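Chemist: Here's a structure for you.
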Amino acid sequence: MTATQAWTTDQPIVRIADVYQAFGAVEVLMGVSLNVMKGEVICIIGPSGSGKSTLLRCINALVPINKGSIQVEGQEVHDPKLDKLELRKKVGMVFQQYNLFPHKTAVQNVMMAPITVLKQDKTEVEARAYALLKKVRLEGKEHSYPGELSGGQQQRVAIARSLAMNPDVMLFDEVTAALDPETVKEVLVTIRELAEEGMTCLLVTHEMGFAREVADHMYFTDRGVIVEHGSPKEFFANPKDPRTKEFLGQIL
Amino acid sequence: MSGTDLPVLLPAAQQLAERTRREREVGGPIPRLQARHGVWLAVILVFSAGAAGAQAGAEQESVLSIMLKWTPLLLKGFVFNLAISFLAMAGGTIVGALLGIWQISLLPPVRAGSWLVTQFFRNAPWLVLLFFCMFLLPFQVQIFGYVIPLPDWIKATFGLALPVMANVSEIVRGAIQSIPSGQWESSESLAFNRRQTLWQIIMPQCIKRMLPPWMNLYAILTMATVLASVVGVSEVMTLTGQVLSAEGGRTDLLVPFYSYILLWFFIYCYPIARWTVRLERHFAVKT
């Protein structure tokens, strides 16, 4: 398989084929396959340790895989000749712990990557950064440091920061898990707006209500394999596998 | 009395625990300077000078006037010590910072080599390193046709810069490794390369963490500059010895003069130690 195939939008934007991943002796992913079309919203749910976060980290090459293939826009992610930095310009990621740069203000956090990595013009980037922060409803907080913002506000800055790079795919790794219930809503609204604008999103989440409303497709993982998947309506109404039923029974 | 099976008194145990906790945060032994130490030094100085004065006859100079007479010379020597400490600290910090960054290099030989150098100079006695440098460094070097003489004090400064370099290397490495891995992950996912991540994201966050142990190291280095007297450099200890023999080797002058010098070191190092404790407390609240 060549590293760069001519990719067209009728092919999956993210194609995960039979991926195996292990940290030393601990097997984390054991034969995971997944396809995401452009503009789709995919929610991955499952118990802790089932490999969901690792799967996301394999997509933007933060974590190497042992076997199988992951392609983003036709490019084989784990091809040793691939420039990882080029890939990461197309795939944005938002983390559970926000991971904002504490020594920079909100607007500086958003501006840093386009200026340093994409070498774009500072005034343009600044204008776009202000627009993005306005979009995530953080007008007035541009010059605050992360330490002065609440968890929900920090997470929205993190989303704006990833969007500043104009990615084609956004990965969300349990982004609301560290927030209290009132602030969860403000972040979910932001993600929902993003999805409605047509951004391809892969979310690892525990927010079942959100998943049911926004997802195009649901995946349930357990112990490194995808146990079941389907459209949200079918998935929540008629789970087929007993493990899925047990998990949903505990959560819902 | 309800028994306690502590082998030491509880207040002493609590003090020990508190001191250990602070030293762990600062990253090394804190000079245990207290204001009362300075007061005691001054008391010793005054009493010993008084005793010496009482022993002296009417025809001999008073101890106070002897000390004042020699103060300008000894001050010059003390300033020389401080100069050695500045130079050794500057040189050691620059090379040590590089060494610390190389310790986390992706290339195994660079990592191993810098680790080895750090461990060697960190665990070698400072005086041994000083002797090493005095006898192994040439008395002059030729660079591009220019002959540069290397006087003793430069060799001593170099010898003191070596353990500083090793300690700074550990301070830097420790600070970098204490930054949460989430910072590396998020900057990688924003397509920063390793150099950009290190210099724009990680290092700025490290500066604050490195300041207290670095200042601590400087206080220790300043007190260690008197080791240079052992290898013959003409700094304050050597000068004090010469002054004492110039005054006829009077044994009653020993304590006054040496406690005088001690007092100068105290006056210089005490504010640094207190400022270090304040900095450490200031940064501890933030994290």
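Each reported figure results from applying straightforward, stated rules to the coordinates on display, with no laboratory input. Given the structure is predicted, the values throughout are model-derived calculations rather than measurements. Cβ: placed from backbone, ideal geometry, glycine included. Neighbour counts: every protein chain shown.
Chemist: Using 25 Å as the Cα-Cα cut-off, could you pick out the over-long pairs in A:K104/B:K208; A:K38/A:K240; A:K89/A:K134?
Modeler: On the way: A:K104/B:K208 14 Å; A:K38/A:K240 27 Å; A:K89/A:K134 22 Å.
Where the Cα-Cα span goes over 25 Å, the pairs concerned are A:K38/A:K240.
Chemist: Okay, moving on. Just need log10 I(q)/I(0) for chain A at q = 0.17 Å⁻¹, Debye formula, equal scatterers on the alpha-carbon atoms, no solvent, rounded to two decimals.
Modeler: Each listed q corresponds, in turn, to -1.36.
Chemist: Going highest first, how would you order A:115-126, B:161-172 by mean Cβ packing within 10 Å?
Modeler: Details: A:115-126: 14.0, B:161-172: 24.9.
Ranking, from highest mean packing down: B:161-172, A:115-126.
Chemist: Would you pull out the residues with amide H under 5 Å of A:D222's amide H, same chain only if 5 or more places away, H placed 1.01 Å from N?
Modeler: When sequence neighbours closer than 5 places are left aside, the close amide H contacts are A:V227.
Chemist: Okay, moving on. Tell me, what HN-Hα J-couplings in whole Hz come from the Karplus equation 6.51 cos²θ - 1.76 cosθ + 1.60 at θ = phi - 60° for each residue of region B:226-232, using x for Gly and Pro?
Modeler: Per-residue couplings from phi come out as 5, 4, 4, 5, 5, 9, x Hz.
Chemist: Would you work out the charge dipole size for the protein assembly as shown about its Cα centre, treating the Cβ of every Lys and Arg as +1 and the Cβ of every Asp and Glu as -1, and quote it to the nearest 20 debye? Display every interim value, and only then the final one.
Modeler: Working: 49 positive and 46 negative charges, 176 e Å.
It comes to approximately 840 debye.
Chemist: Along region A:182-190, what does the Karplus equation 6.51 cos²θ - 1.76 cosθ + 1.60 (θ = phi - 60°) give for ³J(HN,Hα), rounded to whole Hz, x for Gly and Pro?
Modeler: 5, 7, 4, 4, 5, 6, 5, 4, 4
Chemist: Got a sec? Charge dipole of chain A, +1 on Cβ for Lys and Arg, -1 for Asp and Glu; which of A:T9, A:A215, A:L248 is way out at the positive end?
Modeler: Sorting the options by dipole projection puts first A:T9.
Chemist: Just tell me how shielded A:162-173 is by partners: mean number of partner chain Cβ atoms within 10 Å of each residue's Cβ, no decimals. Don't skip to the end; give the middle numbers.
Modeler: Values: counts 3, 0, 1, 3, 0, 3, 0, 0, 0, 1, 0, 2.
Other-chain Cβ atoms within 10 Å of each residue's Cβ, averaged: 1.
Chemist: State the dimensionless ratio Rg/Rh of chain B (Rg: radius of gyration of Cα atoms; Rh: Kirkwood radius). Don't skip to the end; give the middle numbers.
Modeler: Numbers: Rg = 23.6 Å, Rh = 22.1 Å.
Rg divided by Rh gives 1.07.
Chemist: Which Cα, out of A:P146, A:A131, B:A51, lies furthest along the positive dipole direction of the protein assembly as shown (beta carbon charges, K/R +1, D/E -1)?
Modeler: Working it through, the farthest residue towards the positive pole turns out to be B:A51.
Chemist: Right, next: With only alpha-carbon atoms counted, please give the Rg and Dmax of region A:173-252, in Å.
Modeler: 13.1, 36
Chemist: Next up: Which number comes out as Rg/Rh for region B:11-166 once both Rg and the Kirkwood Rh are worked out on C-alpha atoms? Write down the numbers at each step before the final one.
Modeler: Numbers: Rg = 22.6 Å, Rh = 20.2 Å.
For region B:11-166, the value is 1.12.
Chemist: In whole angstrom, how long is each semi-axis of the equivalent ellipsoid of region A:1-146, when you take the square root of 5 times every eigenvalue of its Cα gyration tensor and sort them from largest down?
Modeler: Values: eigenvalues 197, 74, 44 Å².
Whole-Å semi-axes of the equivalent ellipsoid: 31, 19, 15.
Chemist: Sticking with the crude label model, points 7 Å out along Cα→Cβ, report the distance from A:E148 to A:T123 in nm, one decimal please.
Modeler: Between A:E148 and A:T123, the label points sit 2.7 nm apart.
Chemist: So who's got an amide H within less than 5 Å of the one on A:H217, skipping anything under 5 residues away but keeping other chains? H placed 1.01 Å off N, in plane.
Modeler: Counting only residues 5 or more places away or on other chains, the set is A:V41, A:C43.
Chemist: Comparing B:A273, B:A13, B:A224, which has the greatest mean-square fluctuation in the GNM of chain B with Cα pairs linked when under 10 Å apart?
Modeler: Highest fluctuation of the listed residues: B:A13.
Chemist: Out of residues 5 or more away from A:G68 or on other chains, whose amide H comes under 5 Å of its own, with H placed 1.01 Å from N in the peptide plane?
Modeler: A:Y20
Chemist: What percent of all Cα-Cα pairs in the protein assembly as shown falls in each 20 Å bin, counting up from 0?
Modeler: Cα pair-distance distribution for the protein assembly as shown, in percent: 17, 36, 27, 15, 4, 0.
Chemist: Output needed: percent of Cα pairs per 5 Å distance bin for region B:210-253, bins running from 0 to the one holding the longest distance.
Modeler: The distribution over region B:210-253 is 5, 20, 17, 15, 15, 11, 8, 5, 3, 1, given as percents.
Chemist: Something else: Can you tell me the mean projection area, over all orientations, of the convex hull of region B:60-124's alpha carbons? Units nm², please. Provide the component values of the computation, followed by the final result.
Modeler: Details: hull surface 25.4 nm².
Dividing the Cα hull surface by four gives the mean projection, 6.3 nm².
Chemist: Per-residue HN-Hα couplings for region A:138-143, Karplus 6.51 cos²θ - 1.76 cosθ + 1.60 at θ = phi - 60°, whole Hz, x for Gly and Pro?
Modeler: 10, 4, x, 9, 4, 9
Chemist: Over its Cα atoms, what ratio of radius of gyration to 2.2 N^0.38 Å does region B:133-227 give?
Modeler: On the way: Rg = 19.1 Å, N = 95, 2.2 N^0.38 = 12.4 Å.
Normalised Rg, Cα atoms only: 1.54.
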